[in-house]
Amino acid sequence: MHSIPGRRAIMAMFLIFLLLPIYWLVNMSFKTNAEIVSTMTLWPHTPTLQHYRRIFTDESWYSGYINSLEYVVLNTIISISVALPAAYAFSRYRFLGDKHLFFWLLSNRMAPAAVYALPFFNLYSAIGLFDTPWAVALAHCIFNVPLAVWILEGFVSGVPREIDETAFLDGYSFPRFFLRILVPLIASGIGVAAFFCFMFSWVELLLARTLTSVSAKPIAAIMTRTVSAAGMDWGLLAAAGVLTIIPGALVIWFVRNYIASGFALGRV
Amino acid sequence: MDKTVNQKAWFLVLPVFLVVAFSAVLPLMTVVNYSMQDTFGNNQFFWNGVGWFKELLDPSTDLGGRFLASLGRNLFFSLVILAIEVPLGIVVALSMPRQGWTVAACLVILALPLLIPWNVVGTIWQIFGRPDIGLLGYVLNHIGIDYNYVSNDIDAWVTVIVMDVWHWTSLVALLCYAGLKSIPEAYYQAAQIDGASRWAVFKAIQLPKMNRVLLIAVLLRFMDSFMIYTEPFVVTGGGPGNSTTFVSIELVKIALGQFDLGKAAALSLVYNLIILIVCWIFYTVMTNAGNERKHQEGAA
């Protein structure tokens, strides 16, 4: 009753469409460059780990992964911790300018990163944060904080207000109520919001590349530069690409049961 | 349930306000400042008033021509991918298995493209589409279709659009799936008793329930496709010629490539204004839809 005729075939075809380009990348990462350029093979005939070995032994490569993870984690922590109280306020209270503030936040989620690339470069150079993970983490707040507020507001609104009132009658102070009662109640919502912050910070490149030069360069930027300098080392490029997919795949696996409600931002 | 008025709530919002103001308002002020000036390098600036804005909106100048052409391309791109991704996303959501381990498997695979860094998405399609080493390009050329995204405008466009469909249709599908999951089984049973057709069920039950999430999906997809930068930049570099140069690519070229701060800043402001207007329209529609629903529920 829910579904449509031929749904299995449609689903299978769509999943193949999604997986085929990824398979091709994985396939190429295990081939030698000679095999990539000379013949068209559907699977590696002379499988090799040389590209992965190079990435894991060369510091200029693997430090990129560490840098990326560093600012992504920082950004997720900042975003969630400032967004939580705000989400509670938007969900429970009416205050001067609340609607305008909410819209303003939302509009920042939509602002094009290209607009901010240059001013951010000036700003973070001026305050001495340029080329640190903090610069990228703070810059990514511009789209992750509004998103986190938006998602968490949906989840907080799902908590009945009677729970707040009972807690306050029982003599809970506001911070204690917040940490002991509210946070555990919306734990899955916090997980979903953290997932989205992780996701959007992890996939963004333009700002991350503009705000770093040497010591905090993300892996995505290292990929683009090394490849253009060394000619076309397709195997190495493919291996680096595969390694950037893995953290995302791991995170998805952990939140797979919340994906559906999470993508609706807690407001279906 | 009405919210209570409490001005102290501002203290709870203050951290968010400060963080976002620091990273949005401060930089934007720099942009406004630059947009009124001209520079010949060496940090020397000259007052230029609204000159850049005039040039920007006049297609006969170099700047205006480039901006309006990239704006047109970008709008066309956004409309095409919305026209493909929204119906396809609905169909995929309706095709989801109902229970068992396949649900989790499908969800994980669907979400996979969303978590791949955007430049890697570009790299994947760059490799996949190359006629010499990519599966897609190789197969197409061997069945007699002359396909080369580096030299042919139409091929470049098709590649960029298929890439976006590959990248983002899952988001629409997952949102719709969440909407569908919230429909109680009783609705379907009632429809069955009434002898409703498959199409009637979709129109009367499923589509209205998906309304809100679809609105979010359209908003997110429109905005993100309107500021798309990394993926087409990696695949086509904006080419061949200028055929896939979207607004963000043009902006970065002017700002970080030519270091034409005044022009770039003026472009940024107009760009931001367009986004703000579209965003406001969606927001109004969304809050109105929410209010209407509340009224209906209140009356029932």
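Round to the nearest 0.05 the FRET efficiency obtained for residue A:249 and residue A:34 when R0 = 22 Å and r is the Cβ-Cβ distance. Before the final figure, lay out the partial values.
Values: r = 29 Å, r/R0 = 1.34.
For residue A:249 and residue A:34, the calculated efficiency is 0.15.
Would you mind getting me the FRET efficiency between residue A:17 and residue B:242? Use the beta-carbon distance for r and R0 = 45 Å, nearest 0.05.
Working: r = 29 Å, r/R0 = 0.65.
Efficiency computed from Cβ-Cβ geometry: 0.95.
In which sequence would A:52, A:71 go, from the one with the fewest C-beta neighbours within 10 Å to the one with the most?
Lowest count first: A:52, A:71.
For residue A:94, what residues show an amide H to amide H distance below 5 Å, using hydrogens built from the backbone and excluding near sequence neighbours?
Those lying under 5 Å, H to H, from residue A:94 are B:4, B:5, B:6.
Between Rg and the Kirkwood Rh of the protein assembly as shown, both from Cα atoms, what is the Rg to Rh ratio?
Reported Rg/Rh (Cα atoms, Kirkwood Rh): 0.97.
Work out how much length residue B:82 to residue B:25 would gain on full extension: take 0.36 nm times their residue separation and subtract the Cα-Cα distance, in nm to one decimal.
17.4 nm
Can you put A:66, A:55 in order, fewest other beta carbons within 10 Å first?
On the way: A:66 13, A:55 21.
Ordered by Cβ neighbours within 10 Å, fewest first: A:66, A:55.
In whole Hz, what ³J(HN,Hα) sequence does the range A:215-222 give by Karplus (6.51, -1.76, 1.60; θ = phi - 60°), x for Gly and Pro?
Taking θ as phi minus 60°, the curve returns 7, 10, 5, x, 4, 4, 6, 4 Hz for the range A:215-222.
Ignore the peptide's own chain and count Cβ atoms of other chains within 10 Å of each Cβ in A:121-128; give me the average, rounded.
Across A:121-128, the average partner-chain Cβ count within 10 Å equals 2.
Can you tally the net charge around residue B:168? Count Lys and Arg as +1, Asp and Glu as -1, for every other residue whose Cβ sits under 11 Å from the Cβ of residue B:168.
Charge balance in the 11 Å sphere: -3.
Can you give the local net charge around residue A:29? Use residues other than it whose beta-carbon is closer than 14 angstrom to its beta-carbon, Lys and Arg +1, Asp and Glu -1.
So the environment of residue A:29 carries a net charge of +1.
Please give me the summed charge of the neighbours of residue B:57: other residues whose Cβ is under 14 Å from its Cβ, Lys and Arg +1, Asp and Glu -1.
Here the charged neighbours net out to 0.
For the cross-link pairs B:54/B:253; B:181/B:209; A:99/B:8, which exceed 18 Å when the distance is taken from alpha carbon to alpha carbon?
B:54/B:253
About its Cα centre, how strong a charge dipole does chain B have in debye, to the nearest 20, once Lys and Arg get +1 and Asp and Glu get -1 at the Cβ?
The dipole magnitude comes to about 900 debye.
Quick one: order B:287, A:76, B:30 by neighbouring beta-carbon count within 10 Å, fewest to most.
Ranked by crowding around the Cβ, least crowded first: B:287, B:30, A:76.
Per residue of A:91-100, what is the mean number of Cβ atoms on other protein chains within 10 angstrom of that residue's Cβ?
Mean partner-chain Cβ count within 10 Å for A:91-100: 5.
Only helices at least 30 Å long along their axis, Cα-based, and averaging 1.6 or more on Kyte-Doolittle count here, so list those DSSP H runs from chain B.
Passing helices, by number: B:9-35.
Tell me, what are the semi-axes, in whole angstrom and largest first, of the equivalent ellipsoid of the range A:47-185 as set by the roots of 5 times the Cα gyration tensor eigenvalues?
Listed largest to smallest, the semi-axes of the range A:47-185 are 38, 21, 13 Å.
Please report, for the Cα atoms of chain B, the Rg to one decimal and the Dmax as a whole number; what are they, in angstrom?
So, for chain B, Rg and Dmax equal 23.7, 78 Å respectively.
Label 7 Å along Cα→Cβ of residue A:185; the range A:59-93 residues with amide nitrogen under 17 Å?
Backbone N within reach: A:84-93.
Considering all projection directions equally, how large on average is the shadow of the alpha-carbon convex hull of the range A:153-230, in square nanometres?
Answer in nm², one decimal: 7.5.
Report the label-to-label distance for residue A:257 and residue A:63 in nanometres (one decimal), using points 7 Å from each Cα along the Cα→Cβ vector.
4.2
Give the separation of the Cα centroids, the range A:6-72 to the range B:193-209, in Å.
Using only Cα atoms to place each centre, the spacing works out to 43 Å.
Send over the Kirkwood Rh of the range A:1-48, from the inverse of the averaged 1/r over different Cα pairs, rounded to one decimal Å.
12.8
Can you give me the distance in nm between label points at residue B:154 and residue B:194, each placed 7 Å from the Cα along the Cα-to-Cβ direction?
It is 4.6 nm.
No value in this document is a laboratory result; all are computed from the given coordinates. Model, not experiment: these values are computed from the prediction. Counting neighbours? That spans all protein chains shown, and the Cβs are built from the backbone with ideal geometry, glycine included.
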